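Working notes, beginning with the structure itself.
Derivation of every value follows stated rules applied to the coordinates shown; laboratory data play no part. This one's a predicted model, so the numbers in the text were calculated from it and none came from an experiment. Quick reminder, even Gly has a Cβ in these numbers, built from the backbone with ideal geometry, and neighbours come from all protein chains shown.
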Amino acid sequence: MEKHNKNLIRKENGGIICSHGDFWIDPARPVKRALITHAHFDHISFGCEEYICSPETSVLLKERIGKKIKVKSYGYDESFKINGIKISFYPSGHILGSSQIKLEGGNEKWLITGDFKRQRDETCLNYQEVKTDFLICESTFALPIFNWDSTNKIVNQIVEWVNKSPNMTSILFCYSLGKAQRLLNELKNKNIKNIYVHSNIKKINDIYIDQGINLEDFAKINPGIKPKDYQGSLLLMPPSQNKFNLLKRFGDYQTAFASGWMLIRALKNRSGYDKGFAISDHADWNGLIKTIKNSQAKKVFLDHGDGESLAKYLSIEENIEIESFKTKQ
Ligand SMILES: [Zn+2]
Ligand SMILES: [Zn+2]
């Protein structure tokens, strides 16, 4: 019988290393060769000698790390090899360019999902199901309470929230890369007076538009505009801007946060936002289960967050062998 030694990769120093291939995946510190699933800051490290990723991620990496970095990019339909290890990228549906990474070497097949979601999102390619022997699956929202409402329902609630307060500036905080663009795509033809975005979001919007993604019209927040002019409009800003002395210039305002975490009432109350909209770029409970089952993996490792409930459910209900993907000392 074929033996699965799970030797090909392991977790070390907050990243994933493939010693045979002499490369890392989403390293947390500078390394010689880094495969990158997507361009969120918790998945990239500055100062690597070489980055390898999808073409869209390479554009985003240059924006975030610097134009001079050395990047090799491969499309979703082209496998390549490094030191005898076969590598393929597949869409993960998380943000523009986000990839799952499949590695094949010796007699082992591994799939690293990276961050992913199963909901439709017109700003990136849909998640592609891939079969594997070993699966490293993100488990950020691995509790049964996390079941996302339809995107359209949440977006309509956002529109209602803005339009119900025509004399206020409505400030919606969201991540600059991915969430902001997904919202702008979903807000197409939704009848909001004006949409303004923070300069960090504008930079990423320009890249998305350049890549052919359809976004609702927006303008950059301009220090010259008077508070009155923002009344009845929607402003998209990164969470780092949620400070009274930065926001008071918008006059009378209300705030909200767009994140999957807003499904937890206690978190929502503690967050200090007036309102929370539970829209996420990660898989929910059912999305995680479906993905893990359909991968037909012989062994599953949960990465990110506390996957204890999911591990218990999968081993009892589905008889799937599961382990937490912890750093070995
Ligand atoms: Zn991410
Ligand atoms: Zn992440």
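The modelled label-to-label distance for the pair Lys70/Lys86, using points 7 Å beyond Cα in the direction of Cβ, is 2.7 nm. Overall, the chain carries a charge dipole of about 800 debye about its Cα centre when +1 sits on the Cβ of Lys and Arg and -1 on the Cβ of Asp and Glu, all other atoms neutral.
Take every Cα pair under 8 Å in the chain that's 6+ residues apart, average their separations, divide by the length, and report that relative contact order as a whole percent. With pairs under 8 Å counted, the relative contact order is 17 percent. Relative contact order of segment 151-277, taken over Cα pairs closer than 8 Å and 6 or more residues apart, is 35 percent. Here is the size of segment 1-125 from its Cα atoms: Rg then Dmax, 14.1, 49 Å.
Placing a pseudo-label 7 Å from each Cα along the Cα-to-Cβ vector at Lys153 and Arg265 gives an inter-label distance of 1.7 nm. The C-alpha atoms of the chain define a longest principal axis, and helix 199-210 lies at about 60 degrees to it.
Name the most mobile residue of Ile225, Ile213, Ile136, meaning the one with the largest mean-square fluctuation, in a Gaussian network model of the chain with Cα contacts below 10 Å. Comparing Ile225, Ile213, Ile136 in a Gaussian network model of the chain, the most mobile one is Ile225. With distances taken between every two different alpha-carbon atoms, segment 151-277 has a Kirkwood hydrodynamic radius of 14.6 Å. For segment 151-277, the dipole from Cβ point charges (+1 on Lys and Arg, -1 on Asp and Glu) about the Cα centre works out to 380 debye, to the nearest 20. Computed over the Cα atoms of the chain, pair by distinct pair, the Kirkwood hydrodynamic radius stands at 20.9 angstrom.
In this simple spin-label approximation, Gln241 and Glu49 carry label points 7 Å from Cα along the Cα→Cβ vector, and these lie 4.0 nm apart. Stretching Asn7 away from Ile225 to a fully extended chain increases their span by 72.6 nm, per 0.36 nm per residue minus the current alpha-carbon distance.
In the structure shown, the pairs Lys109/Lys293; Lys72/Lys290; Lys117/Lys164; Lys203/Lys248 are assessed against 22 Å; a Cα-Cα span above that value is assigned to Lys72/Lys290; Lys117/Lys164; Lys203/Lys248. Among beta bridges from DSSP that stay inside the chain, the antiparallel ones total about 35%. Only the Cβ atoms of Lys and Arg (+1) and of Asp and Glu (-1) were treated as charged; on that basis the dipole of segment 245-317 about its Cα centre amounts to roughly 40 debye. Among Cys174, Asn242, Ile225, whose Cα lies farthest out toward the positive end of the dipole of segment 151-277, if unit charges sit on the beta carbon of Lys, Arg (+1) and Asp, Glu (-1)? Positive-end residue among those listed: Asn242.
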